[in-house]
Amino acid sequence: EAGSPSLRRVLVLAGELIGFPRHLSQHPGGFVISQQPLDELVPVENAAMPERTVIQWDKDDLDMVGLLKVDVLALGMLSALRRCFDLLQRHRGRHLTLATIPAEDPATYAMISRAETMGVFQIESRAQMAMLPRLRPEKFYDLVIEVAIVRPGPIQGDMVHPYLRRRLKQEPVTYPSPQLKAVFERTLGVPLFQEQVMELAMVAADYTPGEADQLRRSMAAWKRHGGLEPHRERLVQGMLRNGYDLAFAERIFEQIKGFGSYGFPESHAASFALLCYASSWLKCHEPAIFTCALVNSWPMGFYSPDQLLQEARRQGIEVRPVDVCHSDWDCTLEPEPGEVLAIRMGLRLVRGFAEAD
């Protein structure tokens, strides 16, 4: 019955379950570092993989007791770029690294602005491809912004459209104060990066560096723990004391809440932008080498080997079928007159055929 004690008890218990973990899951690359054996500090259990153990706490629990967690994640594009550089040395006699790829190449940026980015690191998704002709990157920092702006945080924080309007000069760029101009000028007055939010709090609301770092930590956890609410009054009142109007302060706070949906650190975006530019340059100037290395690094990215090879054909690259007399396990490159390279499909693309066979 609606008013029975049993039903009321069930509703109370159900409410207490909200927010609890639903099931056990293991971080793909999270490692905890401590000065003494972990089983003396936290509960551990055996993982499915032999010789592996899992800590029964999540990252927030570890943070509360001061244990250091680091994420050591594999990045398939690094393997693909290494293969690209090896093939470039072998077939072109040209030694390149991430540090020596020609910078700010107009042809590369033109290709990116046309959204011809299948296989390119970070900007190959449909959402990124839709953004590229609108943002039209022209220099490296534009890629830093491109990598960071197509994320849930900036989208939910209503940062994407204001940035695009200002970039296209459809809306004037204004700053409430010279101090905030120094913080936001590089992103046209729109807070896109975690570092900018920390600078904003220190410059406009008199946060200490330690308090600004705590704000950064709270941004990621506000949906789970409501961690940002204690900062609302502190941030808004601090900005009002320094002469900023209430509407601006409230709007900034709502944008900061968007960072709880994965706002990007600027340093992280810059690192990704470097790999984005390098893979774009290789696709633009050495499409056969780029595609060959990408297929040999698969599985990775959004697209299958068939789609990547079809894209190579669209770029005018000859793709030759698997041949037991000519194919290696990996895809290879076969020289043609005029320094043209054709791609020979490797045995790795034969379904049901393993390298050990």
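The values are calculated or read from the model by the stated rules, or taken from the named source; none is laboratory data. For clarity, every value in this text was computed on a predicted model and none was experimentally measured. FYI the Cβ positions are ideal-geometry reconstructions off the backbone, even for glycines, and counts take in every protein chain you see.
Anything in the stretch 95-133 that is among the basic types (Lys, Arg) and modelled with pLDDT under 95? List them, or say none. Across the stretch 95-133, the qualifying residue is only ARG126. Here is the figure for the stretch 174-211: residues that are small (Gly, Ala, Ser), under 14 Å from GLY238 (Cβ atoms) and either surrounded by fewer than 20 Cβ atoms within 10 Å (Cβ to Cβ) or outside the structural domain of ILE256 (by TED's automatic domain parsing) (or both) total 1. Just so you know, in the stretch 98-118 the residues that are assigned to a loop (DSSP other than H, G, I, E, B) and polar (S, T, N, Q) include one that is farthest from CYS84 (Cα to Cα), and it is THR117.
When PHE121, PHE85 are screened for being part of a helix (DSSP H, G or I) and in the same structural domain as VAL295 (by TED's automatic domain parsing), only PHE85 passes.
Considering only the stretch 283-295, I want to know if a residue exists there that is farther than 18 Å from LEU333 by Cβ and in contact (Cβ under 8 Å) with a residue 40 or more places away in the chain. So far as the stretch 283-295 goes, no, none of its residues is farther than 18 Å from LEU333 by Cβ and in contact (Cβ under 8 Å) with a residue 40 or more places away in the chain. Examine the stretch 43-52 for a residue that is at pLDDT 90 or above, surrounded by 13 or more Cβ atoms within 10 Å (Cβ to Cβ) and assigned to a loop (DSSP other than H, G, I, E, B), and state whether such a residue exists. The answer is no, given that none of the residues of the stretch 43-52 is at pLDDT 90 or above, surrounded by 13 or more Cβ atoms within 10 Å (Cβ to Cβ) and assigned to a loop (DSSP other than H, G, I, E, B). Take the residues in the stretch 113-124 that are under 18 Å from the mean Cα position of the chain (by Cα) and under 15 Å from PHE290 (Cα atoms), then tell me which one is surrounded by the fewest Cβ atoms within 10 Å (Cβ to Cβ). Within the stretch 113-124, the match that is surrounded by the fewest Cβ atoms within 10 Å (Cβ to Cβ) is GLU124.
Would you say ALA148 is within 19 Å of the chain's Cα centre (by Cα) and either farther than 30 Å from GLU104 by Cα or at pLDDT 90 or above (or both)? For ALA148, the condition - within 19 Å of the chain's Cα centre (by Cα) and either farther than 30 Å from GLU104 by Cα or at pLDDT 90 or above (or both) - is met. Just the residues that are of a type outside the set (S, T, N, Q) and either touching a residue at least 60 places away in the same chain (Cβ under 8 Å) or over 25 Å from ILE112 (Cβ atoms) (or both), please, taken from the stretch 300-317. Of everything in the stretch 300-317, those that are of a type outside the set (S, T, N, Q) and either touching a residue at least 60 places away in the same chain (Cβ under 8 Å) or over 25 Å from ILE112 (Cβ atoms) (or both) turn out to be MET300, GLY301, PHE302, TYR303, LEU308, GLU311. Of the candidates ALA99, ALA130, ALA115, ALA110, the single residue that is over 30 Å from LEU41 (Cβ atoms), without any contact (Cβ under 8 Å) to a residue 24 or more places away in the chain and touching a Pro at 6+ places or on another chain (Cβ under 9 Å) is ALA115. In the stretch 236-256, the residues that are on the phi > 0 side of the Ramachandran plot reach residues that are modelled with pLDDT under 90 and surrounded by fewer than 18 Cβ atoms within 10 Å (Cβ to Cβ) with C-beta atoms within less than 8 angstrom, at least six apart or across chains, in these pairs: GLY243/SER177. Here is the figure for the stretch 9-37: residues that are hydrophobic (A, V, I, L, M, F, W, C), out of contact with any strand residue (DSSP E or B) (no Cβ under 7 Å at 6 or more places or on another chain) and outside any loop (DSSP other than H, G, I, E, B) total 6. Among the conditions (1) under 19 Å from HIS91 (Cα atoms); (2) in a loop (DSSP other than H, G, I, E, B), the only one that ALA312 does not satisfy is (2). Being over 25 Å from MET111 (Cβ atoms), of a type in the set (Asp, Glu) and modelled with pLDDT of 90 or more: is that true of ASP323 here? In short, yes. The requirement of being at pLDDT 80 or above and within 17 Å of PRO152 (Cα to Cα) is not satisfied by ILE256.
Take TYR163 and tell me if it is part of a helix (DSSP H, G or I), without any contact (Cβ under 8 Å) to a residue 40 or more places away in the chain and either farther than 21 Å from GLU104 by Cα or outside the structural domain of GLU104 (by TED's automatic domain parsing) (or both). Yes, satisfied. When the stretch 95-128 is filtered for residues that are of a type in the set (A, V, I, L, M, F, W, C) and in contact with a Cys (Cβ under 9 Å, 6 or more places away or on another chain), the ones remaining, listed by number, are LEU96, ALA107, ALA110, MET111, ILE112, VAL120, PHE121, ILE123. The residues in the stretch 56-81 that are of a type in the set (D, E, K, R), assigned to a helix (DSSP H, G or I) and surrounded by 14 or more Cβ atoms within 10 Å (Cβ to Cβ) can be counted, and the count is 2. Taken over the stretch 286-305, the residue count meeting the criterion of being assigned to a loop (DSSP other than H, G, I, E, B), of a type in the set (Gly, Ala, Ser) and crowded, with 18+ Cβ neighbours inside 10 Å is 2.
Can ARG314 be described as surrounded by fewer than 19 Cβ atoms within 10 Å (Cβ to Cβ) and among the basic types (Lys, Arg)? It is true that ARG314 is surrounded by fewer than 19 Cβ atoms within 10 Å (Cβ to Cβ) and among the basic types (Lys, Arg).
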